[in-house]
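Working notes for the structure below.
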Amino acid sequence: MEPIVRFSRPDPRRLSAETRSVRTLDRATRVAMWALYRGTYDRADEARFLADLDQKDDVIIVRDALGALQGFTTLCCYRHGGVRVVFSGDTVIAAPFQGQTALQRAFVGYVMRVVVRAREPVYWFLISKGYKTYLLLSRNFLEYWPRHDRPTPAAAQALLASLARERFGAAYRPEQGIVRFEPPGPRLEPGVAPLDPREADRPDIRFFEVHNPGWVNGDELCCIGRVDLAMGLNYVRRLVLRRVRRR
């Protein structure tokens, strides 16, 4: 009697990530990226989106098990003074897939490869118009700024201000530590990343809301995080603990 062979269908919710050079993206991928971005952000402009994409070096793309694009983040890496900087541009995850770690894991792998190659300190520079992006920094980095539990050191503040002025010019508002474009740039569509009332009292979320009260209108908080081997090991430790708790 022949054994019965059962083939399991792939879980369409499971995401996988790949890092691509922006120069290698085909038109279909760019169209899918724009469609996802347009559905996530109000006041989105296709020409501006594509121009910004072409200014980046790489993009991390996440797809579901059926191959559909469900998220991405754009990246560029450059030297600034005596440090190496990884800057995150547009970042989107489709709502049904938020909470998965494929994009995070790919990003940490990306920045750790930069650390291995670099001969100078490495920093992640990001601007955050939603608290969930800020939480990627506050809950995975050992050294990051600004933060709720201590003031930003003068050297870190000077680096952050220098990076923001270089990239955003007059849109950077140093008194508030934010970027505010005129005319206003994209903002999250209502309901895309609402503040969970159950989390509102957590110190890092409350800090984000206090220091970027205009996030609902598209204001972006300027942040940096130190990328080093200790940060990478801390991320792996947290990931393992999370998986153990789920068993």
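The values are calculated or read from the model by the stated rules, or taken from the named source; none is laboratory data. Model, not experiment: these values are computed from the prediction. Positions of Cβ are backbone-derived with ideal geometry, glycine not excepted, and every protein chain shown enters the neighbour counts.
Residues in region 178-193: is at least one under 15 Å from CYS223 (Cβ atoms), of a type in the set (Gly, Ala, Ser) and surrounded by 15 or more Cβ atoms within 10 Å (Cβ to Cβ)?
Within region 178-193 (the criterion being under 15 Å from CYS223 (Cβ atoms), of a type in the set (Gly, Ala, Ser) and surrounded by 15 or more Cβ atoms within 10 Å (Cβ to Cβ)), the answer is no, since none of the residues qualifies.
Filter region 119-137 down to the residues that are modelled with pLDDT of 95 or more and within 22 Å of THR73 (Cα to Cα) and list them by number.
VAL122, TYR123, TRP124, PHE125, LEU126, ILE127
From the list GLU175, GLU199, GLU120, pick out the single residue that is charged (D, E, K, R), in contact with a Gly (Cβ under 9 Å, 6 or more places away or on another chain) and assigned to a loop (DSSP other than H, G, I, E, B).
Details: GLU175 fails: in contact with a Gly (Cβ under 9 Å, 6 or more places away or on another chain); GLU199 fails: in contact with a Gly (Cβ under 9 Å, 6 or more places away or on another chain).
It is GLU120.
Of the residues in region 28-43, how many are farther than 13 Å from ILE61 by Cβ and touching a Gly at 6+ places or on another chain (Cβ under 9 Å)?
Total satisfying the criteria: 3.
When region 212-247 is examined, which residues are found to be assigned to a helix (DSSP H, G or I) and within 23 Å of THR40 (Cα to Cα)?
Within region 212-247, TRP215, VAL216, ASN217 meet the criteria.
With the checklist (1) in contact with a strand residue (DSSP E or B) (Cβ under 8 Å, 6 or more places away or on another chain); (2) in contact (Cβ under 8 Å) with a residue 12 or more places away in the chain in hand, flag the one item PHE181 doesn't pass.
Evaluating PHE181 over (1) in contact with a strand residue (DSSP E or B) (Cβ under 8 Å, 6 or more places away or on another chain); (2) in contact (Cβ under 8 Å) with a residue 12 or more places away in the chain leaves (1) as the failure.
How many residues does region 59-88 hold that are within 15 Å of the chain's Cα centre (by Cα) and buried (at least 19 other Cβ atoms within 10 Å of the Cβ)?
Taking region 59-88 and keeping what is within 15 Å of the chain's Cα centre (by Cα), we get 59-62, 70-77, 85-88.
From the residues that got through so far, the ones that are buried (at least 19 other Cβ atoms within 10 Å of the Cβ) too are 59-62, 70-75, 85-88.
Qualifying residue count for the region: 14.
When the residues of region 127-148 are narrowed to those that are charged (D, E, K, R) and under 12 Å from PHE208 (Cα atoms), which ends up surrounded by the most Cβ atoms within 10 Å (Cβ to Cβ)? It would help to see each step written out before you state the result.
Of the residues in region 127-148, the ones charged (D, E, K, R) are 129, 132, 139, 143, 147.
If we keep only those that are under 12 Å from PHE208 (Cα atoms) too, we end up with 129, 132, 147.
Details: LYS129: 24, LYS132: 18, ARG147: 18.
In this case the residue turns out to be LYS129.
Determine whether GLN157 is part of a loop (DSSP other than H, G, I, E, B) and farther than 23 Å from VAL108 by Cβ.
No.
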